[in-house]
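Chemist: Have a look at this one.
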Amino acid sequence: MPLTVADPNIRILPFDDLSLSQLYQLLALRQKVFCVEQQCPYQDVDCLDQHAWHVLLSERHPANAPLLAYARILPPGVVEKNDACIGRVVSDPAFRGQGLGKKVMHVAIDFCQKQFPAAGISLSAQSYLHDFYHSLGFSNTGEFYLEDNIPHQKMRRPAGLTATLSTGSPA
């Protein structure tokens, strides 16, 4: 069952509610950026998508509209025992600089806070995006590592963080 959000161009769907077109588009966008653009051959289809909620930002509302940005939300207990996880945050290169990544993150954080209020939120950030995630309330946990030859760091946003997020305007 899709979750309703204020922006009609954003849908949050569990895996079983994704259309074949939506699934194809999200996998194609992730591959376009993470595998091709970043020249990083890795196993993107990792058997976690079936447990996730998928945040889809399209140019317009219909289910087959072009996908501009995306994020994946995993409930607590799937990857982290006590935290929800946000990952695979991506925006189409042709639409960067419009705040779409931040908009998707705001929606994902808001979803986590409402669905899992007692849980923090963890993510694995490419290190060059530290300031972006920090601006959204995430702090570095001190864990740095190479993943597929790209510097990463684990970041976390505690449960109950009082900062209010707005999804209405891209930053």
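The values are calculated or read from the model by the stated rules, or taken from the named source; none is laboratory data. Values in this document were obtained by computation on a predicted structure and should not be read as measured data. Every residue, glycine as well, gets a Cβ built from its backbone with ideal geometry; the counts of neighbours run over all protein chains shown.
Chemist: Conditions: (1) crowded, with 17+ Cβ neighbours inside 10 Å; (2) within 20 Å of ASP148 (Cα to Cα); (3) of a type in the set (Phe, Trp, Tyr). TRP53 meets all but one. Number of the miss?
Modeler: Looking at each condition in turn, TRP53 falls short on (2).
Chemist: Please find, within the range 108-142, the residue that is nearest to ALA84 (Cα to Cα) out of those that are touching an Asp or Glu at 6+ places or on another chain (Cβ under 9 Å) and of a type in the set (S, T, N, Q).
Modeler: Restricting to residues being touching an Asp or Glu at 6+ places or on another chain (Cβ under 9 Å) and of a type in the set (S, T, N, Q), the top hit is SER122.
Chemist: Does the range 55-68 contain at least one residue that is touching a residue at least 60 places away in the same chain (Cβ under 8 Å) and not charged (D, E, K, R)?
Modeler: no
Chemist: Right, here's the next one. Identify all residues within the range 77-88 that are more than 15 Å from the chain's Cα centre (by Cα) and either assigned to a strand (DSSP E or B) or not hydrophobic (A, V, I, L, M, F, W, C) (or both); write none if there are none.
Modeler: Of everything in the range 77-88, those that are more than 15 Å from the chain's Cα centre (by Cα) and either assigned to a strand (DSSP E or B) or not hydrophobic (A, V, I, L, M, F, W, C) (or both) turn out to be GLY77, GLU80, LYS81, ASN82.
Chemist: For the range 121-139: of the residues being modelled with pLDDT of 95 or more and assigned to a strand (DSSP E or B), which is farthest from LYS154 (Cα to Cα)?
Modeler: The qualifying residue farthest from LYS154 (Cα to Cα) is ILE121.
Chemist: Which of the residues that make up the range 8-24 are closer than 16 Å to LEU67 by Cβ and either at pLDDT 95 or above or loosely packed, with under 14 Cβ neighbours inside 10 Å (or both)?
Modeler: Hits for the range 8-24 are PRO8, ILE12, LEU13, PHE15, ASP17, LEU18, SER19, LEU20, SER21, LEU23, TYR24.
Chemist: Starting from residues that are touching a residue at least 60 places away in the same chain (Cβ under 8 Å) and part of a helix (DSSP H, G or I), keep the ones in the range 98-107 and report whichever is farthest from ARG157 (Cα to Cα).
Modeler: Per the criteria, the residue is LEU100.
Chemist: Report yes if PHE111 is surrounded by fewer than 21 Cβ atoms within 10 Å (Cβ to Cβ), of a type in the set (Phe, Trp, Tyr), under 18 Å from LEU56 (Cα atoms) and modelled with pLDDT under 95, otherwise no.
Modeler: No, not satisfied.
Chemist: Does ALA118 count as at pLDDT 95 or above and either on the phi > 0 side of the Ramachandran plot or touching a Cys at 6+ places or on another chain (Cβ under 6 Å) (or both)?
Modeler: Criteria not met by ALA118.
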